[in-house]
Ligand code: 13P
């Protein structure tokens, strides 16, 4: 019998965190295009190779979240990406949701797809020895109107059903109810919405009798909306974020990881440092770490520009950022 709690704790060991490299094909192509790179399957493979085959990442990464396409691809030297990671002692994590769709006609709010046929999709991953999966829900803030109670409850229910199926398959679920940074809202509003979606998610987990000692929560930081014109200090972010987590996440949860959500690499790093510092002072019950995509990748992508000759300098930028983010966990 697999001890899911022990397995979950492997992702949140001191000094290490996760790289989210699970951009869907559409998002990966957009990232490439924004760096002036013509998207193709081969360029997406090279994009993944840039990060996953970078020397020394195992010093800072406990896991890497992968998109399904990447699972079947190989590094430049022919090693399949999941094996490349496993050989370095880094856990491959698979994104198993299938993106979002409008929650109802004309609604701006979305719900995550992918529950239909989920057990059948999970079975081969478990057989391949994959121990972790991720599911992302998306919560939009618009003034006091959004999110609606309906969006909160439906997203929470799907997160809980996903978690139940993943645990049944013998893997650890990572539940990511992302509260988007986009909007004019205040930091206080973000804090309250993070609290609401996490409380609603734990109520749904309870209803479905999910083992909350065998899962990881991936959350947004409590930040003023990107259109608010306000830049929060790291101390403000830490205060709001810890208040939200303390009010909503039971102490049995083995770990909490943060997404970067569109913050600059420096902002995400400084905010993570302040959050973990405050968590230590407050004796928060869970280990906290990073699970960033953009904040870890941005500088390396800008240096790479899709050119083989730029790979070494781009990888140096990536590993430098990993080092800074890892150091942020204990400074
Ligand atoms: P960002 O760090 O870019 O927000 O991405 C994290 C993630 O996993 C989004 O699903």
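Things to note:
- Rounded Å value of the spacing that divides the Cα centres of the range 270-294 and the range 9-38: 20 Å
- Three-way shape call for the range 45-112 based on the alpha-carbon gyration tensor, with the a/c threshold at 1.5: prolate
- Available extension along the chain between residue 27 and residue 3 is 5.2 nm, counting 0.36 nm per residue and deducting the alpha carbon span.
- Taking a ≥ b ≥ c as the square roots of the eigenvalues of the Cα gyration tensor, an a/c ratio of 1.5 or more together with a/b larger than b/c marks the range 45-161 as prolate.
- Here the residues 62, 228, ranked from fewest to most Cβ neighbours within 10 Å of their Cβ, fall in the order 228, 62.
- Counting neighbouring beta carbons within 10 Å and listing from fewest to most, the residues 277, 189 come out as 277, 189.
- FRET E, pair residue 251, residue 145, Förster distance 30 Å, beta-carbon r, rounded to 0.05: 0.35
- Given their separation in residues at 0.36 nm each and the Cα-Cα distance between them, residue 87 and residue 107 gain 2.7 nm when the chain is fully extended.
- 222 nm mean residue ellipticity, helices alone, for the chain (DSSP H n ≥ 4; -39,500 (n - 2.57); rounded to 500): -14000 deg cm²/dmol
- The slack between residue 226 and residue 188, meaning 0.36 nm per residue of separation minus the straight C-alpha distance, is 12.3 nm.
- Distance between the range 103-135 and the range 50-75 - C-alpha centres, whole angstrom: 21 Å
- Range of Cα positions in the range 247-331 per principal axis (Å), largest first: 48, 21, 19
- Taking every Cα-Cα distance in the range 126-167 and sorting them into 10 Å bins from zero, the calculated P(r) comes out as 25, 40, 22, 11, 2 percent.
- Label point distance in nm, residue 282-residue 310, each placed 7 Å from Cα along Cα→Cβ: 4.0 nm
- The range 132-246: C-alpha gyration tensor shape, a/c 1.5 cut-off, then a/b vs b/c: prolate
- Restricting the calculation to Cα atoms, every distinct pair contributes to the Kirkwood radius of the chain, found to be 19.8 Å.
- Ranked by how many other Cβ atoms sit within 10 Å of their own Cβ, fewest first, the residues 127, 223 fall in the order 127, 223.
- At q = 0.15, 0.16, 0.31, 0.33 Å⁻¹ the log10 of I(q)/I(0) for the range 180-228 amounts to -0.48, -0.53, -1.10, -1.18, computed by Debye summation with a single uniform scatterer per C-alpha, solvent ignored.
Coordinate-derived values only; no laboratory data. Predicted model, so just to flag it, every value in this text is computed and none were measured. Cβ: placed from backbone, ideal geometry, glycine included. Neighbour counts: every protein chain shown.
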